[in-house]
Amino acid sequence: MNTEIVSNLSSNASVVLGGGNPKGKFALGLVQNEWKVYVKRPLDREEQDIYLLNITATDGLFVTQTAVEVIVTDVNDNSPVCDQVTYIAIFPEDIPPNKVILKFGARDSDIGSSGEIRYSLYGAGNSKFFLDPETGELKTSSSLDREKIPVYNLIARASDGGGRFCQSEIRLILEDVNDNPPAFSSDHYTACVYENTATKALLTRVQANDPDVAHNRCQNKTALPMGKGEKKDISSFYGVNRKIVYSLADSSEGFFSVDRASGIIILEHPLDREIQPSYNVSVKASDQGIVQSLSSFATVTITVLDINDNPPVFERRDYLVTVPEDTSPSAEILSVFATSKDIGTNAEITYLIRSGNEKAKFRINSTTGSISIIELLDYEMCKDFYLVVEAKDGGSPALSAVTTVNINVTDINDNAPRFSQEVYSAVISEDASVGDSVIALIAEDLDSPSNGQIHFSIINGDRDNEFSIDPSLGLIKVKKRLDRERVSGYSLVVQARDSGIPPLSASVTVNVDISDVNDNSPIFTPANYTAVIQENKPVGTSILQLVVADKDSLHNGPPFAFSILAGNEEEEFTLDPQGILRSAVTFTHRVATEYVLCVQAKDSGKPQQASQTYIQIRVIEESIHKPTAIPLEIFIVTMEDDFPGGVIGKIHATDQDMYDVLTYGLKSEQKSLFKVNHHDGKIIALGGLDSGKYVLNMSVSDGRFQVPMDVTVHVEQLVQEMLQNTVTIRFENISPEDFVGLHMHGFRRTLRNAVLTQKQDSLHIISIQPVAGTTQLDMLFAVQMHTGGFYNPAYLIQKLTNARRHLENVIRISAILEKNCSGMDCQEQHCEQSLSIDSHSLMTYSTARISFVCPRFYRNVRCSCNGEWSPRPSPATRPCLGAWLFIALTPISRGSSIQSVKRASGKQSGREKLISHAQPEWLVFIDGKWEVKEL
C-alpha cells in the first residue's frame with residue numbers, strides 16, 4: 001500500500017512516521033519527490049483491523065502533522081475449524097424420521113462471505129440422514145433398520161465462502177429394538193418314524209432364529225419404570241429379544257412333546273400306522289421381549305412308516321407281445337405291473353430284467369415296469385426273445401417276485417435286394433443274333449420269402465430298347481441288331497425290386513462293350529483330291545498326303561495299305577505306307593500337264609475292307625520369284641538365370657509364286673541355343689539363355705531359291721532391385737501387338753527424353769500385358785542410374801507427370817500407377833502393393849519386324865486392419881477377412897493355370913486348377929488351397 005502524504009513538499013523536507021505503528025508494520029519512503037506510506041511487514045486482519053498513523057513533516061523551520069487511518073480488509077486466509085474431530089451418536093433403530101440426532105458445528109475467523117459456513121454430509125448411507133446446511137443439525141430422513149445396517153460411518157464437512165473447509169467423522173450406532181419375530185428355518189418340517197418305534201425317541205428337531213441382537217443396550221441402564229413409584233434394574237433383561245422358547249400349539253392328543261430349549265420333538269405314546277398313518281404337529285417359537293413377546297409357527301408332518309411283511313405280486317404269470325422289427329428305439333412295447341399290500345418304501349416296486357437280454361436290445365423302466373426298445377431289432381438276426389423280469393420292493397430285507405415276457409419279432413421289408421457285384425461288365429460282338437445271352441445278374445434279399453421275391457428290369461441306358469432282361473432270372477439278352485459304329489458300348493442300369501409293401505429296390509450298372517466286326521470300309525477325306533507339282537522338282541518330292549479314317553475299331557482300321565490302281569502306268573508316282581504321294585520322275589510341262597490316279601486303301605481287318613479315291617494332279621511351271629523375308633528384331637526380358645525357353649518370334653516371308661511352299665532354316669552352329677520350325681518359321685529359344693545380343697543366320701527357301709536373313713535377339717536379365725523401383729504406365733485402347741509393332745521404338749525414345757537425367761542412365765522395359773476385361777495395356781519399366789542403382793518410383797512418377805502431355809503425342813495414356821494401391825478402393829488404414837514376376841510364364845508379342853518376350857507380372861495387394869495385415873475387401877462395409885493374400889491377376893486368360901501364380905507368390909497348394917473366367921478376378925490362398933473369387 002502506498003499513500004501520498006505531501007505532494008508539494010520540498011525534497012529537502014524531513015517526514016517522520018510517529019505513533020500508531022506498533023511492530024513497525026508501515027514505513028515512509030520518498031519516491032519521485034513524493035513521500036509515500038507503504039506496508040513494511042505482513043498484516044493480519046484477525047490480529048488488528050484498523051491502524052491510526054501519526055505523520056510529522058518539517059523543513060527545519062516549520063513543522064506540520066497529519067493522521068492517516070489504515071483499515072485492513074479481510075481475505076479468506078483461514079479455514080473453518082470443526083468443534084470436534086469425531087462425533088458418536090447411539091439411538092434406537094425405530095427412531096422416527098426428521099428426528100435430531102446431534103448438532104455439528106464449526107468456526108471461521110474470517111468475516112463476510114469468507115466467514116459464512118455451510119454444512120454438507122458424505123459417506124455410504126448418507127441419504128438416510130439430513131444435515132441442515134445452515135444450523136448443522138443432523139436428522140433422520142427415512143426409516144432405519146439395524147438388521148440391515150447397524151452402523152453408519154459418515155463425514156460432515158464445514159465449508160466457508162472461499163472454498164476452505166474442515167471435516168469431522170460421524171459414527172452413528174443403531175440400538176436394537178424387538179421388531180423381528182423368530183423365523184423358523186422352514187415353514188414345514190417332515191419326519192418319519194417306524195410304527196414299532198419305542199416311546200421317548202427323538203424324532204426330529206425344529207430350529208428358529210431371531211435377527212434381533214442377543215444383547216440389547218439401553219441409554220438408561222439403571223432403572224426402568226415398572227409401575228407406580230417403582231423402578232426395576234434391567235440388567236437381567238439383556239438378550240431377551242433373541243432368546244427363543246419352543247412349545248406345541250397342537251400336540252396331536254399328547255402323542256408328541258417338544259423340548260423348550262432345543263426344539264427336539266419327542267415321541268410320548270406308541271404309534272400304529274393302520275390306525276393313523278401320519279400326524280400334523282404345530283410348533284410355536286416365542287422370543288422373550290420385555291415390552292412384548294413375538295412368536296411364529298411351523299408345521300411338522302410326522303409320517304408313520306410301515307414294516308415290510310408282504311412280497312410283490314404280478315398281475316399276470318407271463319406276458320406275450322408281438323413287435324415289428326422296424327419299431328423305433330425308445331418305443332414302449334409292453335408294461336408289467338406288480339403290487340404289494342405294504343405301503344411307503346415297502347410298497348415301492350423296482351423292476352429289472354434278470355435274464356434274456358444278453359444282446360441289450362431292451363430296457364425296463366425300474367419304476368413303471370415299462371419295457372422299451374433301446375436298439376433296433378432285426379428279424380433276420382433274431383426272431384424271438386424270452387425275458388425274465390423281477391419285481392422287488394423297497395423293504396429291508398427286500399422281497400421279490402418274477403414273471404416271463406415272450407417277445408416275438410415280425411418281419412418287415414427292411415432289406416433291399418443286393419447284387420453280387422457292384423458293377424457288371426460284358427462283351428458281345430456287334431453281329432450277335434437277336435436272343436443271344438449277354439450276362440446273367442445275381443441278386444439276393446435277406447427278408448422273408450413274402451418280402452424277398454426279386455423282379456429285374458432295365459431302367460436306364462437302353463434308349464433304343466436293344467436289350468431285354470428276364471424278370472425272374474436276371475438274364476440280359478440281345479433284343480435288336482447291334483452296330484458298334486453307331487453305339488460302341490452301353491451302360492445299362494438294371495433294377496432289382498423285391499415283393500415287399502412298399503417294395504425296396506437296388507440298381508447296378510452293367511457295362512456292355514460291343515466288340516467290333518470289320519464291316520466298314522476306309523473313308524477318304526475329302527472323297528477326291530486335287531494337287532499340283534512344279535516342273536523340274538526332284539524325284540521324291542511330296543505331292544499330297546492322303547487322309548483316311550475307319551469307323552471300325554483300331555484293330556480293324558489302321559494301318560492302311562495304299563496302292564495305285566490306275567493312272568500310273570508309266571510309274572511317274574509312288575505311294576508310301578503313310579499315304580504320302582511322291583514324284584517318281586522329274587516332270588516337264590511340255591510332256592504332260594495333268595494326271596488322274598485311282599488310289600485304293602485297305603484296312604487291317606479280316607476280311608479286309610477297301611475303298612478308292614481319285615487324285616487329279618496338275619503340272620505347273622517352276623518357281624520364277626525369290627522369297628522375300630522381313631528382318632526381325634527380338635527383345636527378351638527374363639529373370640536372372642531363369643529363362644525357361646519357348647517361342648520368341650516368327651519369320652514373316654512371302655513369295656509371288658502362287659504355289660510355292662516356303663521352308664525355313666537356321667545355321668547349324670547356332671542350333672544349340674535356337675531352333676526354327678521349318679514349316680511355319682517360328683523361332684524357339686532353348687532354356688538357360690544368357691543375357692546379351694545374338695545374331696541368327698536364317699534362310700527362307702521356296703525349293704528353288706534360298707534367301708538369307710538375319711534375326712537379332714536381345715536378351716536382358718532382370719534383378720530383384722529393379723522390381724522394387726518399377727513404375728506402371730497404363731495405355732488406353734491398344735493391343736500389345738500394336739504397341740510393339742507401331743509404337744514401342746518411338747515411345748521408348750520419347751520416354752528416355754522424359755525421365756532420363758543423364759545420357760548414361762538406362763531405361764528398362766520389364767513387361768507389357770493387357771488389363772483383363774478391358775482394352776487397356778500396362779507397361780512396366782524402371783530406370784537405372786549410370787552408377788548402378790535405380791531411380792525411386794516417386795521421382796519417376798513426378799517426371800512422367802510433368803511430361804505426360806508430350807508423351808501423349810505418341811500414344812494415349814490412361815493412368816500412371818503408383819505403388820500405394822493406385823486406382824483401388826482401399827478403405828483401410830494402410831494399403832500397399834508389391835510386384836512379383838513369374839519367369840516361367842512368358843508372353844510373346846510378335847509382329848513382322850519386332851517381337852517382344854517378357855514375363856507375366858502380378859500385383860500383390862495387402863491392407864492393414866487394426867494393425868494386422870489382411871486382404872483388401874472391396875466394399876467398405878466388409879470386415880477384415882484374416883490372413884488372406886489377394887493377388888490381382890493381370891491379365892487372367894481363359895485356360896490359364898494357377899501353377900504360375902503359385903510360383904510367383906511362393907505358395908504351394910499341391911493342387912492344380914484351370915481358370916475359365918473372363919472377368920477380372922482375385923486369386924486367393926485360403927486354408928492351404930487356391931480359389932478364384934470375384935469381388
Inset, instruction - Mind giving me the nanometre distance, one decimal, between the label points for THR66 and SER113, set 7 Å out from Cα along Cα→Cβ? - result: 3.4 nm
Legend entry - Phi to ³J(HN,Hα) by Karplus 6.51 cos²θ - 1.76 cosθ + 1.60 over segment 75-89, Hz, x for Gly, Pro: 10, 7, 10, 10, 7, x, 10, 6, 5, 9, 6, 9, 10, 10, 9
Inset, instruction - Express in nm, to one decimal, how much length is gained between THR787 and ARG260 on full extension, taking 0.36 nm for each residue of separation and deducting their alpha carbon distance. - result: 178.5 nm
Legend entry - Stretchable slack from ALA794 to GLN758, in nm (0.36 nm times residue separation minus alpha-carbon distance): 11.2 nm
Legend entry - Sequence-distant residues sharing a close amide H with PHE790 (under 5 Å, placed H): MET785
Legend entry - Principal axes of segment 26-134: Cα extent on each, largest first, Å: 88, 22, 19
Inset, instruction - Starting from the alpha-carbon convex hull of the chain, give the projected area averaged over all orientations, in nm². - result: 97.0 nm²
Inset, instruction - With the full set of protein chains in place, find how many percent of the accessible area of the chain is carbon and sulfur; take the probe as 1.4 Å. - result: 49 percent
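Computed FRET efficiency, Cβ-Cβ of THR368 and ARG317, R0 30 Å: what is it to the nearest 0.05? Walk me through the numbers before you get to the answer.
Values: r = 20 Å, r/R0 = 0.67.
Result of the calculation: an efficiency of 0.90.
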Inset, instruction - Subtracting the Cα-Cα distance from 0.36 nm times the residue separation, let me have the gained length for VAL16 to THR135 in nm, one decimal. - result: 37.7 nm
Legend entry - Table column - 3J(HN,Hα) (Hz), segment 150-164, Karplus curve with 6.51, -1.76, 1.60, x for Gly and Pro: x, 9, 10, 10, 10, 10, 9, 10, 10, 10, 8, x, x, x, 7
Inset, instruction - Evaluate the charge dipole of segment 552-686 about its Cα centre and quote only its size in Debye, nearest 20, assuming +1 on the Cβ of each Lys and Arg and -1 on the Cβ of each Asp and Glu. - result: 140 debye
Legend entry - Mean separation of Cα contacts under 8 Å (6+ apart) over length of segment 670-823, as relative contact order %: 23 percent
Legend entry - Rounded tilt (10° steps) of 793-802 against the dominant C-alpha axis of the chain: 70 degrees
Inset, instruction - Please give, to one decimal in nm, the separation of the simple spin-label points placed at SER278 and ALA398, each 7 Å out from Cα toward the Cβ. - result: 2.5 nm
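Based on the alpha carbons, how large is the Rg to Rh ratio for segment 43-200 when Rh follows Kirkwood? Walk me through the intermediate numbers first.
On the way: Rg = 31.5 Å, Rh = 21.0 Å.
So for segment 43-200, dividing Rg by the Kirkwood Rh gives 1.50.
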Inset, instruction - Starting from segment 683-757, pick out the trypsin sites (Lys or Arg not before Pro) whose DSSP state is loop and whose Cβ has at most 16 other Cβ atoms within 10 Å. - result: ARG704
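Could you pull out the GluC sites (Glu not before Pro) across segment 113-154 that fall in loop regions by DSSP (anything but H, G, I, E, B) with no more than 16 other Cβ atoms inside 10 Å? Please report the intermediate quantities before stating the final value.
Working: sites: GLU116, GLU134, GLU137, GLU147; in loops: GLU116, GLU134, GLU147.
Listed in order of number, the matching sites are GLU116, GLU134, GLU147.
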Legend entry - All Cα pairs of segment 554-609, percent lying beyond 13 Å: 65 percent
Inset, instruction - Mind listing the long-range amide H neighbours of SER499? Cut-off is under 5 Å, sequence gap 5 or more, other chains count too, H placed in the peptide plane at 1.01 Å from N. - result: GLY452, GLN453
Inset, instruction - Would you calculate, for the chain, the mean residue ellipticity at 222 nm contributed by helices, counting each DSSP H stretch of 4 or more residues as -39,500 (n - 2.57) and dividing by all residues, to the nearest 500? - result: -1000 deg cm²/dmol
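I'd like the Kirkwood hydrodynamic radius of segment 598-659, using the inverse of the mean 1/r over distinct C-alpha pairs, in Å. Intermediate values should be presented prior to the final figure.
Details: mean 1/r = 0.0552 Å⁻¹.
Kirkwood radius, segment 598-659: 18.1 Å.
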Inset, instruction - Using label points projected 7 Å from each Cα along Cα→Cβ, tell me how many nm separate SER488 and ASP44, to one decimal. - result: 12.5 nm
Inset, instruction - List the residues of segment 537-581 whose backbone N lies under 13 Å from a point placed 7 Å from the Cα of ARG704 along the Cα-to-Cβ direction. - result: 537-538
Inset, instruction - Apply the Karplus parameterisation 6.51 cos²θ - 1.76 cosθ + 1.60, with θ equal to phi minus 60°, to every residue of segment 447-455 and state each ³J(HN,Hα) to the nearest whole Hz, in sequence, with x for glycine and proline. - result: 6, 5, x, 5, 10, x, 6, 9, 10
Legend entry - Amide H within-cut-off set for TYR189, under 5 Å, with H built and near neighbours excluded: THR299, VAL300, THR301
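Based on the Kirkwood radius over alpha-carbon pairs, what value in µm²/s does the Stokes-Einstein equation return for the translational diffusion coefficient of segment 143-210 at 4 °C and 1.567 mPa s? Numbers along the way, then the final one.
Numbers: Rh = 17.9 Å.
For these conditions, the coefficient is 72 µm²/s.
With the cut-off at 23 Å, tell me which of the pairs LYS626/LYS667; LYS341/LYS392; LYS537/LYS650; LYS148/LYS284; LYS626/LYS671 have Cα atoms farther apart than that.
Working: LYS626/LYS667 20 Å; LYS341/LYS392 13 Å; LYS537/LYS650 27 Å; LYS148/LYS284 26 Å; LYS626/LYS671 25 Å.
In this structure, LYS537/LYS650; LYS148/LYS284; LYS626/LYS671 lie more than 23 Å apart at Cα.
Given the Cα atoms of segment 275-389, and with Rh set as the inverse mean 1/r over their pairs in the Kirkwood sense, what is Rg to Rh to two decimals?
Numbers: Rg = 24.9 Å, Rh = 18.6 Å.
Answer for segment 275-389: 1.34.
Work out the FRET efficiency for HIS743 and GLU716 from their Cβ-Cβ distance, taking R0 = 25 Å, and round it to the nearest 0.05. Mind dumping the intermediate values first?
Working: r = 19 Å, r/R0 = 0.78.
Given R0 = 25 Å and the Cβ-Cβ separation, E is 0.80.
Over the chain, average the accessible area per residue using a 1.4 Å probe and give it in Å², no decimals. Spell out each step's value before the answer.
Numbers: 49600 Å² over 935 residues.
So the chain comes to 53 Å² accessible per residue, rounded to a whole number.
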Inset, instruction - Can you tell me the FRET efficiency between VAL771 and GLU808 if r is taken as the Cβ-Cβ distance and R0 is 22 Å, rounded to the nearest 0.05? - result: 0.75
Inset, instruction - May I ask for the angle, rounded to the nearest 10°, between helix 744-755 and the longest principal axis of the chain, with both axes built from Cα atoms and the value confined to 0 to 90°? - result: 40 degrees
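The values are calculated or read from the model by the stated rules, or taken from the named source; none is laboratory data. Treat the numbers as computed from the prediction; the structure is a model and nothing was measured. With ideal geometry, Cβ positions are generated from the backbone for all residues, glycine too; neighbour counts draw on all protein chains shown. Just so you know, the surface numbers come from the protein's heavy atoms only, side chains and all, with ligands and any DNA or RNA stripped out. Shrake-Rupley method; radii C 1.70, N 1.55, O 1.52, S 1.80 Å.
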